[in-house]
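The values are calculated or read from the model by the stated rules, or taken from the named source; none is laboratory data. None of the values given here were measured: they were computed from a predicted structure. Here the Cβ is made from the backbone with ideal geometry for all residues, glycine too, and neighbour counts use every protein chain on show. Areas reflect the complete protein model, heavy atoms only, side chains present, ligands, DNA and RNA absent. Shrake-Rupley method; radii C 1.70, N 1.55, O 1.52, S 1.80 Å.
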Amino acid sequence: MAYLEDTRRRSAEKLTNAQLKETPDRSSIRPEWWGTAIIIIAPLVIWEVLARSGKISSLFFPAPSVIFLTSIQLITSGKLSIHLGITLWRVFIGFFLGGISGLMLGLAMGWSRPLRMVIDPLIAAAHPVPKIAILPLIMIFFGIGESSKIVVIAVATFFPMLINTVTGVRQINPIHFEVAENYGASLNKILTRVILPGSLPMVLTGARLALNIALLLAIAVELVSAQEGLGAMIWLAWQTLRTEELYVSLFVTAALGMILNFLLQRITLYLVPWQTEQKI
Amino acid sequence: MIGGSNLGLTCQHLCKTYPTRNGLITALDDITFSVKEHEFVSIVGPSGCGKTTLLKLIAGLSKPTSGQIIFNSGLSRHQQRTALVFQEHGLFPWMTVLDNVAFGLEMYGMPKRDRRDLAMTFIEKVGLVSFANNYPHELSVGMCQRVGILRAFAADPQILLMDEPFGSLDAQTKQVLRQELLRIWRENKKLILFVTHDIDEAVLLGDRVLVMSGHPGHIREEIQIPIHRPHDPISEQQLELTEIKWHIWKILEEEVLKSLQMPS
Ligand SMILES: Nc1ncnc2c1ncn2[C@@H]1O[C@H](COP(=O)(O)OP(=O)(O)OP(=O)(O)O)[C@@H](O)[C@H]1O
Ligand SMILES: [Mg+2]
């Protein structure tokens, strides 16, 4: 009798399980995308018409078709990929250095109350300073070469990573530490089975913030002090009034930001399968 | 004695106070009792009387303000292996059901393959096989509670501490898990402390029932259940059990009324 009850319940559970695992059909195009497409395409068409008919200055607003041809030219000549590559390299190295150190210190501060008490005021004082403002100071220490640029980016990414990691560790439910302690978990196990996975969602949010800030800082630094990189390309195009090139580099910068965000979002979904709601 | 080392435990004059913004809260006041090896003790008491606090002290998760807990094994509170089934299950959201059940074994250093096989045998017993690779947020509250119980069962502790483990389960599942608990207790000679709100359950499972009163929490009465399991449905014994239940009911009623009148 009890067994019968049990099997019946078991099959009922299988059913709900199948329902739970059901995922929305990805192949169909969502109707709201049509709306987005129209919002993007319509102004482009209007722009093209106005530029060609001479209603707006084609020096400042070259027709989209001209911009498109310029971009092909920039791609085939390899000029664009050199600038893009340099910016990407700066973003990644800066993000890596700043992110890793922010993560490490964040884990330590989240774990240790004394450490948190000592370092917190320093962070509170240093965090609000706009990082681009300290570029000259960093140049005094690191010279005007590549390293000072990367250090600025690293410093700027350090803070969001640190703050999110500390919050991530602190918001872990104490009961999880109690369970681990109850089964005699070693410090190593507490770190790898409780603290790291418990803080991971917040850490990844921090990583996304940090990556965006890294891109922002890379472009800013290149605008003020570089010969190469997307920021330098934008500035040079502006100064020589090659506006087609200006638009191309702006577009590539925007696309780069979008792609990086999309990638990190994918990585987050992959690494945090236990969170249902997809926070955007 | 069968089974070698003696696994009983004694609590002596345990007190626990919590500092809060509004001053000290005395959760437990002068708790003294002992539990014999292979004894099943139920604990009942009004909400907030310190049952959870007591189990956490014994599990070594917090320190008593005064008094001590002595294990007959001679081990300290931290050395003595215990497994606590938490009232609010305490599953790790980032682990699958299987890894949650195997968690204790993982901490004890069992290799991955072995602990997963062992955990799976427990999961099979409560009809959660098709959920073994799901995460806790995909389970109902009752299912999570079952997984929490399995985590403790799988770890196979000498001392099993259970904090209202069957609270949100349906009658059938409760029945299955009670049988399983009694089987594990009988076969593996465990010491079990079992907190519950359900008087029937306390009397059905326990060799002895500790009735607690609150504010501050202490043990008001210890009641020996004279009937040996399995409880035969003989009318005389039923009558005796009913009397015991009635007695516990009256004490709890009084205590609950007292605690409801307390200005908080
Ligand atoms: N961490 C804490 N800080 C302050 N006070 C606490 C803490 N934990 C428990 N208490 C207090 O100790 C008393 C006993 O709490 P406990 O959780 O042990 O009760 P309980 O008997 O398990 O209740 P329930 O049946 O509702 O689970 C309560 O008055 C509670 O307010
Ligand atoms: Mg409780």
- Query: When both residues are 6+ apart or on different chains and their Cβ atoms are under 9 Å apart, which pairs have a first residue that lies in region A:174-194 and is facing chain B (nearest Cβ under 7 Å) and within 14 Å of B:Val101 (Cα to Cα), and a second that is open to solvent by 60 Å² or more (accessible area, probe 1.4 Å) and polar (S, T, N, Q)?
  - Reply: none
- Message: Test of understanding: among B:Thr53, B:Thr10, B:Thr96, B:Thr32, which residue is out of contact with any helix residue (DSSP H, G or I) (no Cβ under 8 Å at 6 or more places or on another chain), open to solvent by 10 Å² or more (accessible area, probe 1.4 Å) and within 16 Å of B:His215 (Cβ to Cβ)?
- Response: B:Thr53
- Index of the failed condition, B:Leu161 passing every other in (1) touching a residue at least 60 places away in the same chain (Cβ under 8 Å); (2) more than 10 Å from chain A (Cβ to nearest Cβ); (3) within 16 Å of ligand 2 (Cβ to nearest atom): (2)
- Within region B:32-52, restricting to residues that are of a type in the set (Val, Ile, Thr) and within 15 Å of ligand 2 (Cβ to nearest atom), the one that is farthest from B:Ile70 (Cα to Cα) is B:Val44
- Inspect all residues belonging to region A:140-147 and state whether any of them is surrounded by 15 or more Cβ atoms within 10 Å (Cβ to Cβ), more than 14 Å from chain B (Cβ to nearest Cβ) and aliphatic (A, V, I, L, M). no
- Would you kindly identify the strands (runs of 3 or more DSSP E) lying entirely within region B:176-229 that contain at least 3 residues that are of a type in the set (A, V, I, L, M, F, W, C) and within 16 Å of ligand 1 (Cβ to nearest atom)? B:191-195, B:208-213
- Query: Are there any pairs with C-beta distances below 7 angstrom linking a residue in region B:177-195 that is farther than 16 Å from B:Lys125 by Cβ to a residue that is away from ligand 1 (no atom under 16 Å from the Cβ) and acidic (Asp, Glu), with the two at least 6 apart or on different chains, and if so which?
  - Reply: B:Leu191/B:Glu37; B:Leu191/B:Glu39
- Hey, among B:Glu88, B:Glu124, which residue is free of Cβ contacts under 8 Å to residues at least 24 places away in the same chain and either among the hydrophobic types (A, V, I, L, M, F, W, C) or facing chain A (nearest Cβ under 9 Å) (or both)? B:Glu88
- Filtering region B:211-243 down to residues that are among the small types (Gly, Ala, Ser) and within 30 Å of B:Thr17 (Cβ to Cβ), which residue is modelled with the lowest pLDDT? B:Gly214
- Note on the structure: Checked region A:224-251 for anything in contact (Cβ under 8 Å) with a residue 60 or more places away in the chain, within 20 Å of A:Leu59 (Cα to Cα) and open to solvent by less than 70 Å² (accessible area, probe 1.4 Å); matches are A:Met233, A:Thr243, A:Glu244, A:Glu245, A:Tyr247, A:Val248, A:Ser249
- Task: Could you tell me whether region B:109-121 includes any residue that is hydrophobic (A, V, I, L, M, F, W, C), away from every other protein chain (no Cβ under 11 Å) and open to solvent by less than 10 Å² (accessible area, probe 1.4 Å)?
- Result: yes
- Message: Looking for something open to solvent by 80 Å² or more (accessible area, probe 1.4 Å), of a type in the set (Phe, Trp, Tyr) and in a loop (DSSP other than H, G, I, E, B) - is there at least one such residue anywhere in region A:110-124?
- Response: no
- Item | Test: B:Phe40 is of a type in the set (Phe, Trp, Tyr), crowded, with 17+ Cβ neighbours inside 10 Å and more than 14 Å from chain A (Cβ to nearest Cβ) | yes
- Pick out, from region B:78-170, the helices (runs of 4 or more DSSP H) lying fully within it that include 1 or more residues that are acidic (Asp, Glu). B:97-101, B:103-107, B:112-125
- Taking B:Val147 as the residue in question, decide whether it is aliphatic (A, V, I, L, M) and open to solvent by 10 Å² or more (accessible area, probe 1.4 Å). no
- Residue check, B:Ala83 against (1) crowded, with 18+ Cβ neighbours inside 10 Å; (2) within 16 Å of ligand 2 (Cβ to nearest atom); (3) within 28 Å of B:Lys125 (Cβ to Cβ), all met but one. Which one? (2)
- Item | Tally, over region B:35-64, of residues that are within 12 Å of ligand 1 (Cβ to nearest atom) and in a loop (DSSP other than H, G, I, E, B) | 8
- B:Arg81 being away from ligand 1 (no atom under 13 Å from the Cβ), within 12 Å of chain A (Cβ to nearest Cβ) and either of a type in the set (S, T, N, Q) or within 26 Å of B:Glu221 (Cα to Cα) (or both): no
- Message: Out of the residues in region B:166-198 meeting the condition of being surrounded by fewer than 20 Cβ atoms within 10 Å (Cβ to Cβ) and within 16 Å of ligand 2 (Cβ to nearest atom), tell me which one is farthest from B:Gly50 (Cα to Cα).
- Response: B:Ser168
- Query: How many residues does region B:136-158 hold that are among the polar types (S, T, N, Q) and within 16 Å of ligand 2 (Cβ to nearest atom)?
  - Reply: 1
- Criterion: under 16 Å from the mean Cα position of the chain (by Cα) and free of Cβ contacts under 8 Å to residues at least 60 places away in the same chain - qualifying residue of B:Gly45, B:Gly60: B:Gly60
- Query: All but one of (1) surrounded by fewer than 19 Cβ atoms within 10 Å (Cβ to Cβ); (2) away from ligand 1 (no atom under 13 Å from the Cβ); (3) not aromatic (Phe, Trp, Tyr) hold for B:Arg21; which doesn't?
  - Reply: (2)
- Query: Within the bounds of region A:74-82, is there any residue that is in a loop (DSSP other than H, G, I, E, B) and of a type outside the set (S, T, N, Q)?
  - Reply: yes
- Note on the structure: Those residues of region B:65-77 that are of a type in the set (S, T, N, Q) and either at the interface with chain A (Cβ under 9 Å from one of its Cβ atoms) or part of a loop (DSSP other than H, G, I, E, B) (or both) come to a total of 4
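Table: residues versus (1) at pLDDT below 55; (2) away from chain B (no Cβ under 14 Å); (3) open to solvent by 70 Å² or more (accessible area, probe 1.4 Å).
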residue: A:Glu13; (1), (2), (3): yes, no, no
residue: A:Asn17; (1), (2), (3): yes, no, no
residue: A:Thr23; (1), (2), (3): yes, no, yes
residue: A:Ser28; (1), (2), (3): no, yes, no
residue: A:Thr36; (1), (2), (3): no, yes, yes
residue: A:Ile40; (1), (2), (3): no, yes, yes
residue: A:Ile46; (1), (2), (3): no, yes, yes
residue: A:Ala51; (1), (2), (3): no, yes, no
